[in-house]
Amino acid sequence: MIPKPSTLTCKAGGICPRRSVSSFISLQSCSRVMTTRPPAFVFQPSALDNIEQIDNCRSGGFHPVSIGDSFSRGRYRVLHKLGFGGFTTVWLARDEQSHRLVSLKIVTAEASNTCNELRILQHLNNSTKFRPACDHILSLLNNFTIEGPNGFHACLVSPFAAGSRRSRGALARKFARQLTHAVGYLHDSGVAHGDLNTSNILIQLWNVDSWSDKVVYERLGFPVMDKVLLWSGELNNSVSAPEYLVEPANFSNIEYNCITKKVLLVDFGQSFMLKTPPPPNEVGFTMSYCAPEVYFERRMSVWSDIWALGCTIFEMRAGRQLFESFLGGPHEVLLQIVQILGKLPEPWWSSWDKRHVYFDEDGKPKKYRLNNIDLSADHPLIQQIRDIGAADNEAVANEVAVETNILPGYVRAEPETESIFEPMGMRLSETEVRGFGDLLQNVIRYNPEERLETKGILEHSWFTTSFEDSSTIGRSCIDCNVWPVKDRAQIFN
């Protein structure tokens with residue numbers, strides 16, 4: 001039996017009471033930039049890692065949400081948490097009118113003043129251009145505004161979808177093609193996504209609306225919660241924070257028959273109209289997907305979308321980022337960009353003040369070592385592709401597969417559907433390495449205007465060629481230049 005939301009136990013102990021929420025349907029929108037204000041209260045750090053910044057539960061910040069809350073006159077009832085961002089929290093809710101499961105995104109009060117995502121989605125919904133690509137772009141089911149202790153918050157309702165994983169080759173190429181179609185549709189509609197990355201690509205689900213609350217918790221797990229505590233005093237009506245924080249749901253136990261072979265491009269909070277790109281002081285980016293002109297010049301365009309699309313397609317096929325950021329610093333990513341693509345063109349090269357640490361003025365790696373690891377080395381794009389699957393621990397993966405019939409991080413599947421997800425240690429055939437390399441070398445380029453448009457990407461043979469017959473598990477990787485995470489961390493500490 002599922003405990004009532006009013007009596008769910010917090011991780012830190014105690015009871016989490018339900019919170020009454022007044023709401024009303026309205027049309028209001030969300031801004032790109034949240035101004036920084038000192039928090040009115042100082043909160044103790046949470047025991048949970050994957051949660052939003054609790055200090056942003058303040059006037060103008062996040063709306064405090066608890067499991068069991070209802071919104072829009074009781075229509076949407078919160079069951080679980082799906083995720084969060086810098087300006088939003090996202091919740092799994094049940095639409096009590098249509099009896100379907102939906103995603104409920106609640107925007108911070110400050111970001112709700114001119115809701116950019118709502119404006120973009122309404123623009124796309126009102127577009128007369130309908131193509132099959134529309135099926136791979138988030139659809140807005142409803143929107144309304146709520147009033148809470150931290151201000152007025154825009155709320156966006158959309159279909160419930162799940163996070164994506166590394167899929168087998170043919171399906172990964174299908175997903176990449178669907179994503180490229182979606183991005184092309186955006187560009188043809190005068191919109192740039194502005195934040196393309198794998199966390200914004202979901203897999204569409206079906207046959208989930210019939211899930212009862214009990215089944216929801218069986219599939220996604222019970223909400224893991226941690227009580228919110230102040231350094232001094234107790235939470236009361238004057239504190240604009242929730243009683244507890246909630247960790248996002250775990251999708252690893254969703255049954256295979258609920259997963260479609262269609263992706264969904266989501267999160268348009270950083271999107272913009274191509275005719276009016278954001279000014280430099282409002283440009284936001286994720287460093288691992290950031291084109292050089294965005295980092296050095298704060299210049300976003302359709303071409304910065306294309307760079308991010310190339311990085312995302314690589315990650316969809318490889319199961320890892322092309323430009324990995326273990327510690328989150330820009331120099332770590334710039335180092336890898338130069339290792340893979342060569343010396344940055346001017347004036348970017350001279351603008352990078354850390355270049356001399358890793359390279360000489362010709363862009364060649366310096367022969368320095370730290371803890372027996374080269375500080376830098378040439379690692380061309382084709383070698384990155386050839387290394388896909390090399391870092392997987394085959395021995396552990398095979399042992400787990402034999403004992404449990406599943407691989408870590410993959411959805412449990414029936415025998416006839418095991419081909420959906422890529423086995424650990426799967427290496428690309430040399431034929432696919434060359435084809436994939438040719439595609440990415442024409443997408444991830446320094447000169448923005450030299451990057452392929454989405455039409456040219458879709459015409460590439462990598463999407464239509466079958467490579468699986470020559471793919472192998474555990475091919476030798478003697479010539480691979482893969483750095484363990486702990487060693488990379490040593491360099492950038």
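The values are calculated or read from the model by the stated rules, or taken from the named source; none is laboratory data. Note that the coordinates shown come from a computational prediction; the quantities given were computed from them, not determined experimentally. Cβ placement follows ideal geometry from the backbone for every residue including glycine, while neighbour counts extend to all protein chains displayed. Surface areas here come from the heavy atoms of the whole protein model, side chains and all, with no ligands, DNA or RNA. Shrake-Rupley method; radii C 1.70, N 1.55, O 1.52, S 1.80 Å.
Listing for the model above:
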quantity	calculated
Strands (runs of 3 or more DSSP E) contained entirely in the range 101-174, each with at least 2 residues that are at positive phi, touching a strand residue (DSSP E or B) at 6+ places or on another chain (Cβ under 6 Å) and not acidic (Asp, Glu)	none
Residue count, the range 369-396 (criterion: modelled with pLDDT of 70 or more and more than 23 Å from Gly319 (Cα to Cα))	0
Qualifying residue in the range 437-452 (condition: within 24 Å of the chain's Cα centre (by Cα), of a type in the set (Val, Ile, Thr) and modelled with pLDDT under 75)	no
Matching entry among Ile201, Ile146 (being of a type in the set (A, V, I, L, M), over 24 Å from Thr276 (Cα atoms), touching a His at 6+ places or on another chain (Cβ under 7 Å) and crowded, with 16+ Cβ neighbours inside 10 Å)	Ile146
Residues satisfying the stated conditions in the range 58-88, i.e. in a strand (DSSP E or B), in contact (Cβ under 8 Å) with a residue 24 or more places away in the chain and not small (Gly, Ala, Ser)	Phe71, Tyr76, Val78, Leu79, His80, Lys81, Leu82, Phe84, Thr88
Pairs with Cβ under 8 Å, 6+ apart, first in the range 269-288 and closer than 9 Å to Met300 by Cα, second open to solvent by 60 Å² or more (accessible area, probe 1.4 Å) and outside any loop (DSSP other than H, G, I, E, B)	Pro280/Glu297
Residues being more than 18 Å from Leu118 (Cα to Cα), small (Gly, Ala, Ser) and open to solvent by 20 Å² or more (accessible area, probe 1.4 Å) - total across the range 51-99	4
Inter-residue pairs, beta-carbon under 7 Å, first within 30 Å of Phe285 (Cα to Cα) and in the range 198-219, second among the aromatic types (Phe, Trp, Tyr) and open to solvent by less than 40 Å² (accessible area, probe 1.4 Å), 6+ apart	Leu205/Phe160
Positions within the range 204-234 being within 23 Å of the chain's Cα centre (by Cα), β-branched (Val, Ile, Thr) and open to solvent by less than 20 Å² (accessible area, probe 1.4 Å), in sequence order	Val208, Val216
Conditions (1) touching a His at 6+ places or on another chain (Cβ under 7 Å); (2) open to solvent by less than 20 Å² (accessible area, probe 1.4 Å): number failed by Lys262	(2)
Options Leu186, Leu196, Leu179: the member that is modelled with pLDDT of 95 or more, of a type outside the set (Gly, Ala, Ser) and not in a helix (DSSP H, G or I)	Leu196
